[in-house]
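Structure, as C-alpha cells:
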Amino acid sequence: MITRKHAVFTLNFVAGWVDAVGFLALVGSVEAFPSFMSGNSTKVVTDLVSGKLTLAAMVAGVVLIFILGTIITRLVNDGTPWRETAALALVAGAKWMAVVGALSGWAHYTLLLLLAFAMGMINRALQGRNGFTVHTFVSGAVVAIGSDIADAISGRGQWKHILLPLSIWGTILAGAVIGAVLTLKIGLVFALVPPAVAVSLLALVNGAGWLEAAGDARDGHTDAIDRFG
C-alpha cells in the first residue's frame, strides 16, 4: 500500500519538474511559466502597460487555461477512488499530449498551454491527507516556514512544525533541479516523459486500490491550502 503522503510528494515533485522544463524550454516564446500564476498575472499587467497587447493576451491565455484545468479536476474529483483516478488520468493524458506535441514540433506556445493546463489540473487531481497536499506553487509554504521558525523561537510553537511546509517546498525544488538538469542535458521531449510516466503510474496504482484512502473532504481541497497555498 502506497501512502497518500508519498503520492502527494510524487505530484509535488512532478510539479517542480514540469515548471523547470517549461521555464527553460518554453519561456522564451511568451515569457510565461506553466504554473507560476502570480508572476504570470503580473506579466499580463506589465505587458498591457508597456503596450505589448499581443503578448499580454498570450500570457493571459496561460493563466486562464491553468484555471480551467483546476476547474475540470475539481469537478471530476469528488474524493471517491474512481473519480480521483479519472482526474489523475486526465493529468497524465495532458502530459502525454505535451510529449507528442514536442515530438511533432508543435509551437512552443501550444506546449506551454498544455503544460499550464496540466499544472492547473494537478492541484485538484489528488486529495491530500493530514496537511500533505499537492501544490504547484510554494509561496504559502515559504511563508509557513518563516512563521513556524518565528513561533519556535518565541516559544509559541515547536521546531518540528517546520517539517511539513519544508517538505512541500523541498520536494518541489528537488523536482525543479532534476527537470532543469535533464532539459539542458537531453532536451525537451525526453525531459517531459518521466513526469507523464509518474502520473500515469500513480493513476494505475490508485485505480488498483493500492493507494491509501484520503482523509476527510477538507484534505487536499480549499481548506487545506489556506496555510500552504
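The values are calculated or read from the model by the stated rules, or taken from the named source; none is laboratory data. It should be emphasised that the depicted structure is a prediction, and the values quoted were computed from it without experimental measurement. As a convention, Cβ positions derive from the backbone with ideal geometry for all residues, glycine included, and neighbour counts pool all protein chains shown.
Select, from LEU88, LEU112, the only residue that is closer than 23 Å to ASN40 by Cβ and among the aliphatic types (A, V, I, L, M). So that I can check it myself, show each step before the final result.
On the way: LEU88 fails: closer than 23 Å to ASN40 by Cβ.
Only one candidate qualifies: LEU112.
Assess whether ASP219 counts as being within 20 Å of SER167 (Cα to Cα), modelled with pLDDT under 95, charged (D, E, K, R) and part of a loop (DSSP other than H, G, I, E, B).
Values: within 20 Å of SER167 (Cα to Cα): yes; modelled with pLDDT under 95: yes; charged (D, E, K, R): yes; part of a loop (DSSP other than H, G, I, E, B): yes.
Considered against the rule, which asks whether it is within 20 Å of SER167 (Cα to Cα), modelled with pLDDT under 95, charged (D, E, K, R) and part of a loop (DSSP other than H, G, I, E, B), ASP219 comes out as yes.
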Quiz item: In region 67-99, how many residues are at pLDDT below 95 and either in contact with a Ser or Thr (Cβ under 8 Å, 6 or more places away or on another chain) or in a loop (DSSP other than H, G, I, E, B) (or both)?
Solution: 4
Exercise. State the number of residues belonging to region 132-163 that are at positive phi and surrounded by 13 or more Cβ atoms within 10 Å (Cβ to Cβ).
Key: 0
Quiz item: What are the residues in region 16-66 that are farther than 25 Å from VAL193 by Cβ, assigned to a helix (DSSP H, G or I) and over 20 Å from the mean Cα position of the chain (by Cα), if any?
Solution: VAL44, VAL45, THR46, ASP47, LEU48, VAL49, LEU53, THR54, LEU55, ALA56, ALA57, MET58
Quiz item: Does any residue in region 195-207 that is closer than 10 Å to TRP96 by Cβ and surrounded by fewer than 22 Cβ atoms within 10 Å (Cβ to Cβ) come within less than 8 Å, Cβ to Cβ, of a residue that is modelled with pLDDT under 95 and not polar (S, T, N, Q) six or more places away or on a different chain, and which pairs are these?
Solution: none
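Taking the condition in a helix (DSSP H, G or I), of a type in the set (A, V, I, L, M, F, W, C) and crowded, with 19+ Cβ neighbours inside 10 Å, does LEU112 pass?
Details: in a helix (DSSP H, G or I): yes; of a type in the set (A, V, I, L, M, F, W, C): yes; crowded, with 19+ Cβ neighbours inside 10 Å: yes.
Against the criterion (in a helix (DSSP H, G or I), of a type in the set (A, V, I, L, M, F, W, C) and crowded, with 19+ Cβ neighbours inside 10 Å), LEU112 qualifies.
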